[in-house]
Amino acid sequence: MHYTPYRDLLQKLFPDYQKVRKLPLNGGMSCPNLDGTKSFAGCSYCNNRSFSPVFDQAGVGIQEQLDKFIPKLREKYPTAGILAYLQPYTNTHAPLKHLMEIIKPIVEHPEVAGLAIGTRPDCLEDEKIAFLAEMNRIKPIIVEIGLQTANDLTLAAINRRHTLAEFEDAVKRCQSSGLTVTTHVIVGLPGETLEDFKRTAEMVRNLNLAAVKIHPLHIVVGTQMAADFADGEIKLLEFEEYCAAVAEMIKIIGPETAIERFSGESPSDMLLAPNWSGERDKIIVEVEKILAKD
């Protein structure tokens, strides 16, 4: 294998378990880009319904979710370590007291090995990082800070409402507190070229991030990009272009940062394009074939 797989990072963080499985949970939080804190429009590509299996659990308490979902996961993986995953929206976008009420029961649950938290760089105030660092002394905490691209012009165009500098600052403050930090990037955002993808990969490498998820841009219903795509304003990468770009990024990122994934699935009733984005195995085979040539 020509890159470090995510399972190697999990093995390092959770040496007592041969396998670790993520358990998605819904903390019932919103996003500053949707609730008016920064915007009501949201990121132009984003519809949480398209990627979160627990989207409909927003009104369900954390303890109830744990009681419901852990036994189901245990039926399939009786000896695996359980990495709880606060997935939908921005899971540090709440007052500290509320975060404590959500996160402490998860970390203290005897069946939970650790916690991954999906969030944004502009929702990681020092007091929240200090709390997460405290929890990290009990069980491993992974902070997944979304970026998508290192190009500030693109970040503005897709309505992310934060900058690369804010991302870098949040990453460094989390890392200095002892937290494991990972990120997400999107390949194929409108107007970007291979040079943009390479610069994003360089940023991931230079920040010593523990892992990265690489996603192809895919168009899902209910987003601004869906409207733009319908109007012919967005040209998507072809399968071969995407795989070549990912291979180039992986070479730049290097072995110190684990690659969590480089595909991206959405429910068939929500996905508009490209039709290959969910073909995980096909993408892996093609990317590894390109990497093997070097």
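Being free of Cβ contacts under 8 Å to residues at least 40 places away in the same chain and of a type outside the set (A, V, I, L, M) is the filter here, so list the residues in the stretch 99-108 that pass it.
GLU101, LYS104, GLU108
If I go through the stretch 253-275 residue by residue, how many of them are open to solvent by 30 Å² or more (accessible area, probe 1.4 Å) and either modelled with pLDDT of 95 or more or part of a loop (DSSP other than H, G, I, E, B) (or both)? Quick ask: steps written out before the conclusion?
So in the stretch 253-275, the residues open to solvent by 30 Å² or more (accessible area, probe 1.4 Å) come out as 255-256, 260-261, 265, 267-269, 271-272, 275.
From what's left, either modelled with pLDDT of 95 or more or part of a loop (DSSP other than H, G, I, E, B) (or both): 255-256, 260, 265, 267-269, 275.
Here the count works out to 8.
Where in the stretch 72-188 are the helices (runs of 4 or more DSSP H), entirely inside, with at least 3 residues that are more than 30 Å from LYS198 (Cβ to Cβ)?
Numbers: elements: 96-108, 126-136, 152-157, 164-176.
Result: 96-108, 126-136.
Restricted to the stretch 182-209, and to residues that are under 17 Å from GLY264 (Cα atoms) and crowded, with 19+ Cβ neighbours inside 10 Å, which residue is nearest to the chain's Cα centre (by Cα)?
THR183
Could we say that PRO88 is touching a residue at least 12 places away in the same chain (Cβ under 8 Å) and on the phi < 0 side of the Ramachandran plot here? Let's see the steps before the verdict.
Values: touching a residue at least 12 places away in the same chain (Cβ under 8 Å): yes; on the phi < 0 side of the Ramachandran plot: yes.
For PRO88, the condition - touching a residue at least 12 places away in the same chain (Cβ under 8 Å) and on the phi < 0 side of the Ramachandran plot - is met.
The values are calculated or read from the model by the stated rules, or taken from the named source; none is laboratory data. Bear in mind the structure is a predicted one, so any value in this text is a computation, not a measurement. Note that we place each Cβ from the backbone using ideal geometry, even for glycine, and neighbour counts take in every protein chain shown. We work out accessible area using only protein heavy atoms, side chains counted, and drop any ligands, DNA or RNA first. Shrake-Rupley method; radii C 1.70, N 1.55, O 1.52, S 1.80 Å.
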